[in-house]
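Asker: The following block contains the structure, expressed as structure tokens.
The values are calculated or read from the model by the stated rules, or taken from the named source; none is laboratory data. Source: prediction; values computed, not measured. With ideal geometry, Cβ positions are generated from the backbone for all residues, glycine too; neighbour counts draw on all protein chains shown. The protein model used for the area step is the full one, side chains on, heavy atoms only, and it has no ligands, DNA or RNA in it. Shrake-Rupley method; radii C 1.70, N 1.55, O 1.52, S 1.80 Å.
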Amino acid sequence: MLLAPEIQASTSQNAPLKLGAERMDVITRLLKDKRVGLVVNQTSILEKEQKHLLDALLENGVNVKKVFAPEHGFRGTADAGSEINDSRDIKTGIPIISIYGKNKKPTAEQLEDLDVVVFDIQDVGARFYTYISTMHYVMEACAENQKEFIVLDRPNPNDFIDGPIREEGLESFVGVDPLPLLHGLTVGELAWMINDEGWLKSSPDTCNLKIVKMENWKHGDPYWLPVKPSPNLPNDQAIRLYPSLCFFEATNISVGRGTYFPFQVIGYPDKKYGDFSFTPVSLKGFDTNPIQKDKECFGIDLREYPYQGGLTLRFFLDFYNKAGNEQAFFFARPHWFDLLAGTKKLRYQIVRGLTEDEIRESWQPALDKYKVMRKKYLLYPDYPTK
């Protein structure tokens, strides 16, 4: 991993945040006379100019050959899990190659005419958010094909360390690496950890990695996303609640997909779950086939809930109890729940009736070890000590 002097960020107290993607002088120097592939989507915006990275690089004479599109596509409009097809960008004519669906990482043929791949996508800090899985697989492809890999760093809006760590045997696209549910890293720091810990399943198991750091950001700084990172995370409240509510995706309970406030409400077609009601429908730009589609759901409204972020099991345990502890009904897709959790233990603990405090206590030894490892890969000042 290289952090050359010109890539290092300067930090000035009270100065505005400068994203890795906004350090165009550094980026153009790194990409000069190189054939470039981009892993980008709708979040790859230079905030101050409100310009997409692809457009900015082309304006600066960078030879961008192709774009690799992750889940939800280049413009971020596809439903979760939908297969993305290859196409061309209407504005620039640049080829867009899907790396979501059958082909989760670039092939040797797709990388053949490139010297470097640049990753610039906004993460939300949760292990099961698939953009970091895409980053892992692209790093593997770059290692296998001797291509340089550059990360343009961005803040983590869910900048916490919490939850169970993904265990062996539960590897999936929502848990490629052995991370806690909230990993507490930027994508640049995470790429460094993946590379240095030998987690790439390639030969060699490291790639030629460079990271363009942000300026004027440190861990614990709040960050409000200027663009929704995926169709069903439309605002900061949804992003804050997402790590805690995503577990419901393995149940029959709706988290508001098919409404204009996904991941901000919870409900099921039974009045015992709460007084608030909503009806999921097919909604273009959000979800076209949501769970409990066209059925009135009853539950709770969290849009104004004063939640500061992190991970809580309070909502999940509350709904499990309201369901009458009916394991078979509630855990409609038990294996999917285990993959999201990264462990089978959490489901067993819930069924056995453990409290949130008891469950959290079981995570602590592994989290303590992870925190020690994490410190090696910090590129920015850490959380203030209490």
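Asker: State the number of residues belonging to segment 17-32 that are in a helix (DSSP H, G or I) and under 21 Å from the mean Cα position of the chain (by Cα). It would help to see each step written out before you state the result.
Answerer: Step one: list which residues in segment 17-32 are in a helix (DSSP H, G or I), which gives 20-22, 24-31.
When the remaining residues are screened for being under 21 Å from the mean Cα position of the chain (by Cα), the result is 20-22.
Result for segment 17-32: 3.
Asker: Out of everything in segment 195-235 that is within 18 Å of the chain's Cα centre (by Cα) and among the small types (Gly, Ala, Ser), what residue ends up being least open to solvent (accessible area, probe 1.4 Å)?
Answerer: Of everything passing the filter in segment 195-235, Ser230 is least open to solvent (accessible area, probe 1.4 Å).
Asker: Follow-up question, since we're still on this one. Do you know which residues across segment 112-140 are more than 16 Å from Asp196 (Cα to Cα), in a helix (DSSP H, G or I) and in contact with a Pro (Cβ under 8 Å, 6 or more places away or on another chain)?
Answerer: The answer is Tyr131, Thr134.
Asker: Identify, from the list Asp301, Asp287, Asp294, Asp318, the residue that is in contact with a Lys or Arg (Cβ under 8 Å, 6 or more places away or on another chain) and farther than 24 Å from His183 by Cα.
Answerer: Values: Asp301 fails: in contact with a Lys or Arg (Cβ under 8 Å, 6 or more places away or on another chain); Asp294 fails: in contact with a Lys or Arg (Cβ under 8 Å, 6 or more places away or on another chain); Asp318 fails: in contact with a Lys or Arg (Cβ under 8 Å, 6 or more places away or on another chain).
Answer to the selection: Asp287.
Asker: Taking only segment 347-386 into account, find how many residues are within 28 Å of Arg154 (Cα to Cα), within 24 Å of the chain's Cα centre (by Cα) and among the charged types (D, E, K, R).
Answerer: Residues meeting the conditions: 7.
Asker: Same structure again: From the list Ala126, Ala191, which one is in contact with a strand residue (DSSP E or B) (Cβ under 8 Å, 6 or more places away or on another chain), in contact (Cβ under 8 Å) with a residue 40 or more places away in the chain and farther than 19 Å from Pro222 by Cα? Reasoning before the result, please.
Answerer: Numbers: Ala126 fails: farther than 19 Å from Pro222 by Cα.
Result: Ala191 is the single residue among Ala126, Ala191 that is in contact with a strand residue (DSSP E or B) (Cβ under 8 Å, 6 or more places away or on another chain), in contact (Cβ under 8 Å) with a residue 40 or more places away in the chain and farther than 19 Å from Pro222 by Cα.
Asker: Same structure again: Of the residues Leu317, Leu311, Leu339, which is more than 18 Å from Ala238 (Cα to Cα), in contact with a strand residue (DSSP E or B) (Cβ under 6 Å, 6 or more places away or on another chain) and not acidic (Asp, Glu)? First the steps, then the outcome.
Answerer: Working: Leu317 fails: in contact with a strand residue (DSSP E or B) (Cβ under 6 Å, 6 or more places away or on another chain); Leu311 fails: more than 18 Å from Ala238 (Cα to Cα).
Just one listed residue meets the conditions, Leu339.
Asker: Ala238 is checked against (1) under 29 Å from Lys48 (Cβ atoms); (2) open to solvent by less than 10 Å² (accessible area, probe 1.4 Å); (3) in contact (Cβ under 8 Å) with a residue 40 or more places away in the chain and fails just one. What number does that condition carry?
Answerer: Looking at each condition in turn, Ala238 falls short on (3).
Asker: Does any residue in segment 158-185 that is basic (Lys, Arg) come within less than 8 Å, Cβ to Cβ, of a residue that is part of a loop (DSSP other than H, G, I, E, B) six or more places away or on a different chain, and which pairs are these?
Answerer: So the pair list comes out as Arg166/Arg127; Arg166/Asp177; Arg166/Pro178; Arg166/Leu179; Arg166/Gly342; Arg166/Thr343.
Asker: Exactly one condition in (1) in a helix (DSSP H, G or I); (2) modelled with pLDDT under 95; (3) among the β-branched types (Val, Ile, Thr) is not met by Thr385; state its number.
Answerer: Thr385 satisfies every listed condition except (1).
Asker: Lys284 - would you say it is closer than 15 Å to Asn232 by Cα and surrounded by fewer than 15 Cβ atoms within 10 Å (Cβ to Cβ)? Spell out how you get there, then give the answer.
Answerer: Details: closer than 15 Å to Asn232 by Cα: yes; surrounded by fewer than 15 Cβ atoms within 10 Å (Cβ to Cβ): yes.
Answer is yes for this residue.
Asker: Could I ask something else about it? Out of the residues in segment 1-24 that are more than 28 Å from Ala143 (Cβ to Cβ) and surrounded by fewer than 15 Cβ atoms within 10 Å (Cβ to Cβ), which is modelled with the highest pLDDT?
Answerer: Pro16
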